[in-house]
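Written out below as structure tokens is the structure these notes cover.
What follows draws every value from the coordinates through simple rules; no lab data is involved. These numbers were taken from a predicted model, which means no experiment stands behind them. Glycine also receives a Cβ, built like all others from the backbone with ideal geometry; neighbour counts cover every protein chain displayed.
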Amino acid sequence: MFKRIDHVELVTDRPERIEAFYTDVLGFRVKARDRIETSSRGAPMNLAYLELGGSVVEIISYEGAAYESTSAAPAAAAERRGWRMIALEVENMQRAIDHLRGKGVAVAWGPRVRESYARAEIRDPDGNPIELREWFR
């Protein structure tokens, strides 16, 4: 009945910067774009679907929505910006970290190595956490 997670939604007020990070730094590709002229939030909504290895992140931005730096909520809509966390599986943790540092991305913490995996965390330009995970199989 249920097959897989289709996508994860990410709400931002800086879609160009976020899209560049996910495509140029993390290697996602643009799968599709859409625009909804009248969204349920009352403002036009722009969508970009970014794909990596069968996983999709949907970047959502509302035109004219100003986000307050303290509440992270757009003034035009009662919508929370960001997500709790996503995790990207990496083939080799050290190579991934070296690549990210070469692109100017700091590692927030880690890597922490356990018996069956290594974990580290970075942040996207909006400050959303992204876990990196290497599984030892």
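A few comments on the model shown:
- Couplings 3J(HN,Hα) for the stretch 7-18, derived from phi with the Karplus relation 6.51 cos²θ - 1.76 cosθ + 1.60 (θ = phi - 60°), are 6, 10, 9, 10, 8, 9, 9, 10, x, 5, 5, 5 Hz, where x marks Gly and Pro.
- Across the stretch 129-137, coupling constants 3J(HN,Hα) worked out from phi with the 6.51/-1.76/1.60 Karplus curve, θ = phi - 60°, read x, 10, 7, 10, 9, 10, 8, 9, 9 Hz, and Gly and Pro carry x.
- With a cut-off of 11 Å between beta carbons, the residues surrounding PRO111 carry a summed charge of +1, where Lys and Arg count +1 and Asp and Glu -1.
- For the stretch 84-137, the spread of Cα positions along the three principal axes, ordered from largest to smallest, is 32, 26, 15 Å.
- Two-site FRET efficiency, ASN92 against ASP13, from Cβ-Cβ distance with R₀ of 30 Å, rounded to 0.05: 0.30
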